[in-house]
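Data first, discussion second: the structure below is written as structure tokens.
The values are calculated or read from the model by the stated rules, or taken from the named source; none is laboratory data. On a predicted model such as this, the values are computed, not experimentally measured, just so you know. All Cβ positions, glycine included, derive from the backbone under ideal geometry; neighbour counts span all protein chains shown.
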Amino acid sequence: SSNLKGFTLAEVLVTLGIIGVVAAMTMPVLIQNNINRTVETRLAKFYSVFNQALKMAEVEYGDKEGWYQDKNGVITDEDGNPIEGSSIILEWYNIYLAKHIKTIKITVDSEGRPTFYLADGSAFAAAHSNVMRDWIFYSSDPEKCIARHGSLANAQGKCAFRFIYMPAANNAEEWKYHTGRGLEPYKYGWDGTSEDLYNNAYAGCNDSSTCRNCMCTSVIQENGWKIPKNYPYRVSR
């Protein structure tokens, strides 16, 4: 005869209940960890691809400072729609970078800001209608990213991440982490400390800074393109 005892229905139900509770507690963490890995990978890849494109363009056109232009704009028709090919940034991009960055779609809004869609589901866009220096990387579809958080300002640091491309010579202290370089995570006005990336009044990784959460991208980069445990937001894709 067997010495093994069978489980009662009550014991089975208790066991299943415990398993269910543990699963309910761990699944959100596992899902968020997976999202974090995706965002980290896409951020690092975009940073690498864009800067590699700049280097390849320099081989053909010389130092990037010579062909950088910090302006934007667009010509619109009588209905206010952008006339194809008239966006200054898109024209610049098509000359210098298009052959080195593979996109699946490009759109231009009524103020001349192009958005470039990538095959992995992410995208990048010009942040402003009048200058070229500020860029946004979206870790997911831009429209869905903004809709999820209600506005671009609310989405920054979560699924929209700010970068600056400003290689032109500038002696101002605020620009020291950007001038002469390629595309870099937003560091305008940074004092070089980890604390300032979070607490900077103008661009720190917090909702009360003037440029809301603009330095959140730098927080991730300074941690080896890994979202730190004390990161103030849940990122999304």
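Tabulated values for the structure
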{"quantity": "Positions within segment 3-35 being at pLDDT below 75, polar (S, T, N, Q) and within 22 Å of Val235 (Cβ to Cβ), in sequence order", "calculated": "Thr26"}
{"quantity": "Number of the condition not met by Arg113 [criteria: (1) in contact with a strand residue (DSSP E or B) (Cβ under 7 Å, 6 or more places away or on another chain); (2) among the basic types (Lys, Arg); (3) closer than 17 Å to Leu54 by Cβ]", "calculated": "(3)"}
{"quantity": "Verdict on Lys55 being in contact (Cβ under 8 Å) with a residue 24 or more places away in the chain, closer than 27 Å to Ser140 by Cα and assigned to a helix (DSSP H, G or I)", "calculated": "yes"}
{"quantity": "Residue within segment 198-211 that is outside any loop (DSSP other than H, G, I, E, B), touching a Gly at 6+ places or on another chain (Cβ under 9 Å), over 30 Å from Gly66 (Cα atoms) and not polar (S, T, N, Q) present", "calculated": "yes"}
{"quantity": "Residues (among the aliphatic types (A, V, I, L, M) and under 19 Å from Leu90 (Cβ atoms)) located in segment 57-71", "calculated": "Ala57"}
{"quantity": "Verdict on Gly204 being on the phi > 0 side of the Ramachandran plot and modelled with pLDDT of 95 or more", "calculated": "no"}
